[in-house]
1. Collect the residues in the stretch 139-169 that are under 17 Å from Asp118 (Cβ atoms), at pLDDT below 90 and of a type outside the set (Ser, Thr, Tyr), keeping them in residue-number order.
2. Would it be correct to say that Val253 is buried (at least 21 other Cβ atoms within 10 Å of the Cβ), more than 18 Å from Gln185 (Cα to Cα), at pLDDT 85 or above and not charged (D, E, K, R)?
3. Select from the stretch 370-407 the residues that are part of a strand (DSSP E or B), hydroxyl-bearing (Ser, Thr, Tyr) and surrounded by fewer than 16 Cβ atoms within 10 Å (Cβ to Cβ) and list them in ascending order.
4. With the condition kept exactly as written, say whether any residue in the stretch 259-271 is farther than 30 Å from Glu345 by Cα and basic (Lys, Arg).
5. So, Met299, is that one part of a strand (DSSP E or B), in contact (Cβ under 8 Å) with a residue 60 or more places away in the chain, touching a Lys or Arg at 6+ places or on another chain (Cβ under 7 Å) and surrounded by 16 or more Cβ atoms within 10 Å (Cβ to Cβ) or not?
6. Name the one entry in Ala72, Ala143 that is farther than 28 Å from Tyr397 by Cβ and surrounded by 21 or more Cβ atoms within 10 Å (Cβ to Cβ).
7. Any chance you could count how many residues in the stretch 259-277 are surrounded by fewer than 23 Cβ atoms within 10 Å (Cβ to Cβ) and modelled with pLDDT of 85 or more?
8. Suppose we filter Gly310, Gly323, Gly334, Gly328 for residues that are surrounded by fewer than 20 Cβ atoms within 10 Å (Cβ to Cβ) and out of contact with any Phe, Trp or Tyr (no Cβ under 6 Å at 6 or more places or on another chain); which single one remains?
Amino acid sequence: MLFTLVVIFFCFSCKKDSSPRDPEPEPQSTQKPKPTEHGNSTGSVISKTIGSDGGTIEDSTGSLKVVIPQGAVDGPVNFTIEPVENKFKAGFGTTFRIKPENTTFKKDVEISIKYNEDDLKGSPKSSLFLCYQDAEGYWRKAAGCIIDSANSTLRVNTKHFSDWTFAAEISSSGGDYFGTIKLKQGEEAKIEIYGIAKYDEGTLDELISPEPIDIKGKVISWSLYGSGNLTPQGDAATYKAPGNFTSSEIVTVIAGVKGGNPSKPDEVTYVIKKILLINDEYIEYRIGGVQHIASVPQMRYSGGGVLVTGTGFLMSYIGTRVGKYPFGPTAVSGHVNMFLTHSIENKSYQSEANCSGTMIYNIGSVFFTSNTGYIEGRFAGDFFKENLFGCPTGNLYGTGTFRVKVK
């Protein structure tokens, strides 16, 4: 079986906090990019009225924050945030619709979006940038974006509200929801490198093309860490899994791209692709950016619900439907509780916690794609750090996928 992966190479990015403003690269396209349709709503609208004194509005997960400074508006304005479908192919995470779109601001407002390691799918943090879709459906790179690596945040000052998301100069598509390729014995995955052109129309926020272009020999190296074979083919490479393995394994393929940052043409930037070698059943997860494979995956029925377990992993829930199950009390159908072990810290992280006799539940969910034959799906969310003597003292972000036979 052949899986084709596309590693998308952009032409511009945010700047680091302490770096000077980089010069703009030469335009790479004389044809205007095509617009895309605007995404449909995927969640509830958050609304807040902010006046001349200024204020802040955030989405329900804390991923997006909009800061309205004092004096930016003359009187009360109703601001809204709504999650929508991501129509930018190379975009990461959620796209947010920020309104009102046609408000005239006397001062710049600040838009910031938080990212997690798993959002990046192997892209270097230094290549991230914020972008938005204008009223006509064209995508634009927001000028002056700042990468705050210490707080895993991208931010920009703007006077423009629309649909906002973030992307990277160098990123990878393909694989599962989190960008990981899953292969069985003897299967292959072809990794190809492409570019995305910009269109210079003399505006500060340049147009971004959603269509890939030839990267023209900028891949200078391929590396394989793990079992199997990698065959480089210039700007592409083919990975083949071993013909026989007895346990799951994480394999890493790294492509070195010269000129990933157009302002530093001699700099080499690396794209990292994770490949999971799987048997019929597996549980894999990342907690705090550390990859784990839970051995001995299995399921059983307990107390009217379902338990899915593996080494360092436990998930319990009541329900048979596919779809989204938020973290919550498992006594209520349609909610899920999870327990993950961080192997390096030797600590446990949970989706719920007992805080002075009161149960509290973190923000996250499991999305089941199958409950027949196999329990299969993915999860993402914040997990409380275990504290045996009181309320939780911190969170780590965790994601993962699973496929366990119903018995």
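1. Ala167, Ala168
2. Criteria not met by Val253.
3. Those that are part of a strand (DSSP E or B), hydroxyl-bearing (Ser, Thr, Tyr) and surrounded by fewer than 16 Cβ atoms within 10 Å (Cβ to Cβ): Ser370, Thr372.
4. Scanning the stretch 259-271 turns up at least one residue that is farther than 30 Å from Glu345 by Cα and basic (Lys, Arg).
5. Yes, satisfied.
6. Ala72
7. Total satisfying the criteria: 7.
8. Gly323 is the lone residue from the list that is surrounded by fewer than 20 Cβ atoms within 10 Å (Cβ to Cβ) and out of contact with any Phe, Trp or Tyr (no Cβ under 6 Å at 6 or more places or on another chain).
The values are calculated or read from the model by the stated rules, or taken from the named source; none is laboratory data. For clarity, every value in this text was computed on a predicted model and none was experimentally measured. Cβ coordinates were reconstructed from backbone atoms using ideal geometry, including for glycine residues, and neighbour counts include every protein chain displayed.
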